[in-house]
1. Å³ per residue of the Cα convex hull, for the stretch 16-117?
2. Please work out the Cα center distance from the stretch 39-58 to the stretch 92-122, rounded to the nearest Å.
3. What ³J(HN,Hα) values, in whole Hz, does the Karplus curve 6.51 cos²θ - 1.76 cosθ + 1.60 give for the stretch 45-50 when θ = phi - 60°, with x put for Gly and Pro?
4. Which value in nm describes the separation of the simple spin-label points at R109 and A74, placed 7 Å from the Cα toward the beta carbon?
5. Hey, what angle do you get for helix 55-75 against the long axis of the chain, alpha-carbon based, 0 to 90 degrees rounded to 10?
6. Return the lysines within reach of K133: Cα separation strictly under 18 angstrom, same-chain partners fewer than 8 residues apart disregarded; answer none if there are no such residues.
7. Within 10 Å, count the other beta carbons around each residue, average over each peptide in 42-52, 26-36, and list them highest first.
8. Report Rg/Rh for the stretch 89-134, rounded to two decimals, where Rg is the Cα radius of gyration and Rh the Kirkwood radius.
Amino acid sequence: MATIFTRIAKGEIPSFKVAEDDNYYAFLDINPMAKGHTLVIPKNVENDYIFNLDPETYAGLCQFARKVAIAIKAAIPCQRVGVAVLGMEVPHTHIHLVPLQTEADMDFRKAKLSLTNEEFKQIAGSIASEYEKL
Ligand code: 5GP
């Protein structure tokens with residue numbers, strides 16, 4: 001059975017899309033640690049552990065994530081964009097990109113933000129338009 005993230009990348013489950021190309025997809029985390037918290041996934045590979053990806057998919061995912069992080073930094077006021085990989089919840093490799101003001105913003109235990117659909121849409125749109133410029 002397809003993972004939830006495969007179904008998101010296929011558009012079977014809605015998401016707030018930030019960017020995509022033939023092989024990779026970026027969308028807002030539904031329980032964000034900060035405004036602009038984005039997940040980056042390979043579309044066609046459901047491996048649940050990033051370091052088990054084949055080298056080509058791994059390298060492509062990192063290149064794609066770099067571009068998305070540059071777009072996030074341009075769209076969301078932040079000191080820098082933090083990167084994390086956990087995979088404790090969803091068994092489909094994904095990279096977390098989180099706009100950071102302080103170290104404390106990258107704390108997966110803290111309470112998540114509650115955003116409206118309008119806010120998600122506005123954030124995704126502003127990152128997407130920065131991505132288009134790259
Ligand atoms: P991890 O597997 O890295 O521990 O956490 C999975 C992340 O995916 C969590 O931050 C969670 O909020 C996010 N997530 C889980 N299900 C969905 C979903 O259906 N849509 C979106 N946009 N994010 C999800």
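No lab work stands behind these numbers, since they all come straight from the coordinates. The structure displayed is predicted, hence computed values, not measured ones. Using ideal geometry, Cβ is built from the backbone for each residue, glycine included, and neighbour counts are taken over all protein chains shown.
1. 101
2. For the stretch 39-58 versus the stretch 92-122, the Cα centre distance is 21 Å.
3. Going residue by residue, I get 10, 9, 3, 8, 9, 4 Hz, with x marking Gly and Pro.
4. Here the answer is 3.7 nm between the modelled labels.
5. The angle comes out near 20 degrees.
6. Of all the lysines, those that pass the test against K133 - Cα under 18 Å, at least 8 places apart if same chain - are K17, K67, K73.
7. Highest mean packing first, the order is 26-36, 42-52.
8. 1.01
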